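Please read the structure below before turning to the comments.
The values are calculated or read from the model by the stated rules, or taken from the named source; none is laboratory data. Since the structure is predicted, the reported quantities are computational estimates derived from the model, not experimental observations. Note that each Cβ is placed from the backbone with ideal geometry, even for glycine, and that neighbours are counted across all protein chains shown.
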């Protein structure tokens, strides 16, 4: 009994030391450069957003935020590296909806568990997609694309970045809703998928605004629709997909995860620094120029949102027969 009572009397002091050291750690954080792992190759929309925010965080923190592109396998490579990183807040991951919200519903055997191995931080940004069509085709609207596909079953091709990304699933959603027969050509990233559209090797592509605006102005591509719930203020003449296919809409999002086990005070400080960068007028201006809306929702809000997205896209995956073993 004496040993138990002695242990009980020492416990508050021990816990006090733990909490004290954690708070000191949070106050001094970061103690070295941070690593932002981005689950895609350079050149896409997520890389653009990540680098804009990382630069502002570097200025604010006085510690460099190094962007580490880990493309391939629809974000799985980058997420696995993050899950294995030391849980001290110096490594964090930025991935698309496809990486974070879709993969757990798409792939049955992942090298990590989304619930066990990660902690949610926030959503950096949300963004709609545009449907780009090569200018060599006589297609200027979504109804014309659907009519062309129906008249030429199996002949129209479209590109997307990775299996299970939202460009891929958006295309599948449109295909299912319209009943058209088109062939998808998968690529390892947004840049190569878009480059083959520019080269005329595929007919259309579903991608972000920033990647294609210059090519549309140059007349190489036509924009026929946006996947946003309604027309965009910056592109008022571009119809929403839902105007042709009611209920079909997609907003992509870029979420941030930490390895599980990062101390709560460190999570709180990192979250505040990310939000501080997102609220910066210059950052918001740069993001808006590419069609991105800065977000910054809380970790709890992001966690609930991720789960809802996983359930939503799980239904599309099941209807399209896309589940992987």
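In the list 239, 281, which residue meets the criterion of being out of contact with any helix residue (DSSP H, G or I) (no Cβ under 9 Å at 6 or more places or on another chain) and either more than 26 Å from residue 307 (Cα to Cα) or in contact (Cβ under 8 Å) with a residue 60 or more places away in the chain (or both)?
281
Out of all the residues in the stretch 194-215, which are under 14 Å from residue 130 (Cα atoms) and in a helix (DSSP H, G or I)?
194, 197, 209, 210, 211, 212, 213, 214, 215, listed by residue number.
Working only within the stretch 150-177, note down all residues that are surrounded by fewer than 24 Cβ atoms within 10 Å (Cβ to Cβ) and either more than 18 Å from residue 105 (Cβ to Cβ) or more than 20 Å from the chain's Cα centre (by Cα) (or both).
150, 151, 152, 153, 154, 155, 156, 157, 175, 176, 177
Suppose we filter the stretch 294-311 for residues that are surrounded by fewer than 14 Cβ atoms within 10 Å (Cβ to Cβ) and within 20 Å of residue 228 (Cβ to Cβ); how many remain?
The total comes to 1.
Among the residues of the stretch 97-116, which ones are part of a loop (DSSP other than H, G, I, E, B) and either in contact with a strand residue (DSSP E or B) (Cβ under 7 Å, 6 or more places away or on another chain) or outside the structural domain of residue 84 (by TED's automatic domain parsing) (or both)?
108
What residue, among those in the stretch 28-51 that are surrounded by 24 or more Cβ atoms within 10 Å (Cβ to Cβ) and closer than 22 Å to residue 282 by Cβ, is nearest to the chain's Cα centre (by Cα)?
Applying the filter and picking the extreme gives 46.
Give the stretch 79-96 a look and list any residue that's farther than 18 Å from residue 268 by Cα and modelled with pLDDT of 95 or more, or say none.
Hits for the stretch 79-96 are 79, 80, 81, 82, 83, 84, 85, 95.
Among the numbered criteria (1) within 23 Å of residue 35 (Cα to Cα); (2) in contact with a helix residue (DSSP H, G or I) (Cβ under 9 Å, 6 or more places away or on another chain), which one does residue 227 miss?
(1)
Take the residues in the stretch 244-257 that are farther than 22 Å from residue 48 by Cα and in contact (Cβ under 8 Å) with a residue 12 or more places away in the chain; name whichever of them is surrounded by the fewest Cβ atoms within 10 Å (Cβ to Cβ).
247
Just checking, which of 315, 269 is at pLDDT 95 or above and not in a loop (DSSP other than H, G, I, E, B)?
After applying the criteria, what remains is 269.
Would you point out which residue out of 287, 197, 221 is buried (at least 22 other Cβ atoms within 10 Å of the Cβ), in contact (Cβ under 8 Å) with a residue 40 or more places away in the chain, touching a strand residue (DSSP E or B) at 6+ places or on another chain (Cβ under 7 Å) and under 30 Å from residue 89 (Cβ atoms)?
287
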